[in-house]
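The values are calculated or read from the model by the stated rules, or taken from the named source; none is laboratory data. The model shown is predicted, which means the values in this text are computed figures rather than measured ones. Don't worry about glycine lacking a Cβ; one is built from the backbone with ideal geometry, like all the others, and counts go over all protein chains shown.
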Amino acid sequence: MADIKYKRVVLKLSGEALAGEAGHGINPPEIRKVAEEIKEVHDLGVEIAIVVGGGNMWRGEAGAAMGMERAQADYIGMLGTVMNALALQDNLESVGVPTRVQTAIEMRQVAEPYIRRKAMRHLEKGRIVIFAAGTGSPYFSTDTTAALRASEINADVILMAKNGVDGVYSADPRQDENAVKYDNLTHLDIINKGLNVMDTTASSLSMDNDIPLVVFNMNKHGNIKKVVVGENIGTTVTK
């Protein structure tokens, strides 16, 4: 473990990361690739917790924009994250990684309820823990969930896996060829510059609890491992 920079991490995965090129739904071959990447890091002895989004299934904001009551739309989104978490758990265990899903909304037949001390014990025993159903409350994103859970379990870092983007830019590099990549930022920079990395609540929570954030490209094989061992890729955000 001497060559490991981060020993306990929270990996934030978007729902789209599990959907592949289709961008929606669950794509088992794509999830298998993600599971194998995570296994490489787990085999180093790193304690891994995962927060998975639900954008491949449903977005509460989109539902509200179509006329749904916002809280109800957000609850549907939380259920989408549970489906993603179960699919990811199945693939992780198929490659030999013991995994537990904990949900912020109780559904004991399919997953454990979120209990902080139990989650930490799982990590200590070498199990991956997937936190699903967001914070359990509407109006909070899974980015905020990642910042909250990282604070609760005393994680060393939040690893923000992006699809096809290798860090934080001044604008969307896929739409603006003049966008400038940042190698290092502070959480306050993220808020003040209005950069599209995490929502303001998540950035504030990370800043208040002094949790660094590394933003990197999930689509390049081996990048999670590179971040964990301390290679300078992507963008590092600190207090």
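Screening segment 99-115 for residues that are out of contact with any helix residue (DSSP H, G or I) (no Cβ under 8 Å at 6 or more places or on another chain) and surrounded by fewer than 20 Cβ atoms within 10 Å (Cβ to Cβ) and picking the one that is farthest from Thr145 (Cα to Cα) gives Gln109. Within segment 1-27, residues that are among the acidic types (Asp, Glu) have Cβ atoms under 8 Å from residues that are surrounded by 20 or more Cβ atoms within 10 Å (Cβ to Cβ) and not in a helix (DSSP H, G or I) in these pairs: Glu16/Gly53; Glu16/Gly55; Glu16/Asn56, counting only partners at least 6 apart in sequence or on another chain. Considered as a group, the residues in segment 127-176 that are buried (at least 24 other Cβ atoms within 10 Å of the Cβ) and polar (S, T, N, Q) include one that is nearest to Leu13 (Cα to Cα), and that residue is Thr142. Filtering segment 125-167 to residues that are at pLDDT 95 or above, aliphatic (A, V, I, L, M) and not in a loop (DSSP other than H, G, I, E, B) leaves Ile128, Val129, Ile130, Ala132, Ala146, Ala147, Leu148, Ala150, Val157, Ile158, Leu159, Met160.
Residue-wise test of (1) farther than 29 Å from Val95 by Cβ; (2) not β-branched (Val, Ile, Thr).
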| residue | (1), (2) |
| --- | --- |
| Ala150 | no, yes |
| Val157 | no, no |
| Val168 | yes, no |
| Glu177 | yes, yes |
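Restricting attention to segment 1-41, report how many residues are among the aliphatic types (A, V, I, L, M), within 14 Å of Val229 (Cβ to Cβ) and in a helix (DSSP H, G or I). If you could, list the steps in order and put the result at the bottom.
Of the residues in segment 1-41, the ones among the aliphatic types (A, V, I, L, M) are 1-2, 4, 9-11, 13, 17-19, 22, 26, 31, 34-35, 38, 41.
This time we only want the ones that are within 14 Å of Val229 (Cβ to Cβ), so: 1-2, 4, 9, 41.
Still in the list and also in a helix (DSSP H, G or I): 41.
Summing the residues that are among the aliphatic types (A, V, I, L, M), within 14 Å of Val229 (Cβ to Cβ) and in a helix (DSSP H, G or I) in segment 1-41 gives 1.
Quick one: which of Leu44, Leu79, Leu92 is part of a loop (DSSP other than H, G, I, E, B) and either surrounded by 14 or more Cβ atoms within 10 Å (Cβ to Cβ) or touching a residue at least 12 places away in the same chain (Cβ under 8 Å) (or both)? Steps first, please.
On the way: Leu79 fails: part of a loop (DSSP other than H, G, I, E, B); Leu92 fails: part of a loop (DSSP other than H, G, I, E, B).
Step by step, each of Leu44, Leu79, Leu92 is checked, and only Leu44 is part of a loop (DSSP other than H, G, I, E, B) and either surrounded by 14 or more Cβ atoms within 10 Å (Cβ to Cβ) or touching a residue at least 12 places away in the same chain (Cβ under 8 Å) (or both).
Determine whether segment 188-210 contains at least one residue that is in contact with a Gly (Cβ under 8 Å, 6 or more places away or on another chain) and in a loop (DSSP other than H, G, I, E, B). No.
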